[in-house]
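The structure under discussion appears below in the form of structure tokens.
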């Protein structure tokens with residue numbers, strides 16, 4: 001029951017996990033080591049973009065046919081979407097770079113996704129039986145160490161439209177989140193008055209991206225409602 005609730009509301013659990021460190025902690029190295037802080041920003045953004053690219057690959061490489069997904073990153077890990085989420089969260093944490101934030105968010109996300117995927121796999125085992133059990137023996141849950149059906153995705157054309165329709169709001173959300181973190185760092189470090197014009201611009205851009213992401217999400221939900 002608990003795992004089922006976690007799976008159903010998994011998106012909503014992620015938000016407080018990400019926001020709480022911003023309220024409880026503050027970034028380090030911004031004033032004392034600005035060059036190192038800038039380097040960590042680049043590393044964090046790269047990791048977050050890798051997570052987003054993994055999610056795009058997962059959606060675009062799998063044709064909309066009955067059955068569980070087998071192609072693209074599903075040839076290497078059973079849950080690439082959650083791995084992508086974790087990488088996005090890790091990347092944004094590195095951008096923010098507050099030690100306590102790592103301790104709060106990373107173990108919580110790991111526990112959440114482990115519980116959610118365990119419940120999902122139980123459902124898939126019941127639905128697909130031996131085929132999914134064989135898939136589980138070939139492909140690891142999260143960590144890439146071998147692929148059981150690597151050749152499968154090579155025969156499937158990548159569907160950009162499908163990938164972007166699924167991940168459009170996520171991409172906007174990632175950009176808005178990264179901008180917001182940078183703005184928050186600057187305000188905490190230098191105050192709002194010192195960089196007022198620049199901060200207003202970036203805050204406005206972040207807000208627009210967030211609103212666009214919300215519009216895309218509502219359109220997707222509307223289409224699902226009509227399909228039913």
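Considering all different alpha carbon pairs of the stretch 61-115, the Kirkwood hydrodynamic radius works out to 12.9 Å.
Length gained on full extension, residue 26 to residue 138, computed as 0.36 nm times the residue gap minus the Cα-Cα distance: 36.0 nm.
Here 75, 39, 26 are placed in order of increasing Cβ neighbour count within 10 Å, fewest first, which gives 39, 26, 75. With the simple model of a label 7 Å out from the Cα in the direction of the Cβ, residue 46 to residue 128 spans 3.4 nm.
Coordinate-derived values only; no laboratory data. The structure displayed is predicted, hence computed values, not measured ones. Virtual Cβ from ideal backbone geometry, glycine too; neighbours counted across all protein chains shown.
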